[in-house]
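Accompanying notes for the structure given below.
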Amino acid sequence: MPSLGVKKSMDKNENVCVCHRVSLGKIQSYIVREEPKVASQLSNCLDSGTSCGWCIPFLKKLHKLHSEGMEMDLNIDHEKYTERRDAYKQRKCTHEDADG
């Protein structure tokens, strides 16, 4: 039976940056410890956001939530997150092939 609009939050052990296997918990800890001034500084956390680019909006969201004093949470099911990332990478590869 499908869920009735109940969103599952990403677990701290699930990867936000799938390319570099950087978990939500690692990113949260890095933000609290390092207090980055801008979201792009999250790339210093195990190179997160430096490959396919899919996670950049999510890294920005985490940075913004922390800057506003809110809980750093991603209200997305990790399975859906990775499915959407795969589709993003497919579209990106298609565009690169067309440009080449």
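The values are calculated or read from the model by the stated rules, or taken from the named source; none is laboratory data. These numbers were taken from a predicted model, which means no experiment stands behind them. With ideal geometry, Cβ positions are generated from the backbone for all residues, glycine too; neighbour counts draw on all protein chains shown.
The number of residues in the stretch 1-52 that are in a loop (DSSP other than H, G, I, E, B), of a type in the set (S, T, N, Q) and either modelled with pLDDT under 95 or over 18 Å from residue 74 (Cα atoms) (or both) comes to 4.
Of the set (1) under 28 Å from residue 91 (Cβ atoms); (2) in contact with a helix residue (DSSP H, G or I) (Cβ under 8 Å, 6 or more places away or on another chain), all apply to residue 28 but (1).
What about residue 71, is it part of a helix (DSSP H, G or I) and either among the acidic types (Asp, Glu) or touching a Lys or Arg at 6+ places or on another chain (Cβ under 7 Å) (or both)? No. Quick one: is residue 48 exposed (fewer than 15 other Cβ atoms within 10 Å of the Cβ), in contact with a helix residue (DSSP H, G or I) (Cβ under 9 Å, 6 or more places away or on another chain) and more than 17 Å from residue 9 (Cα to Cα)? The answer is no for residue 48.
The set of residues in the stretch 52-65 being under 16 Å from residue 84 (Cβ atoms) and in contact with a strand residue (DSSP E or B) (Cβ under 8 Å, 6 or more places away or on another chain) consists of 55, 58, 59. Screening the candidates 35, 79 for the property of being at negative phi, of a type in the set (Asp, Glu) and either free of Cβ contacts under 8 Å to residues at least 60 places away in the same chain or touching a strand residue (DSSP E or B) at 6+ places or on another chain (Cβ under 8 Å) (or both) yields one hit, 79.
Of note, residue 59 satisfies the criterion of being surrounded by 15 or more Cβ atoms within 10 Å (Cβ to Cβ), in a helix (DSSP H, G or I), in contact with a helix residue (DSSP H, G or I) (Cβ under 7 Å, 6 or more places away or on another chain) and at pLDDT 95 or above. With the structure loaded, tell me whether residue 10 is of a type in the set (A, V, I, L, M), surrounded by 11 or more Cβ atoms within 10 Å (Cβ to Cβ), under 11 Å from the mean Cα position of the chain (by Cα) and on the phi < 0 side of the Ramachandran plot or whether it fails that test. So residue 10 passes the test.
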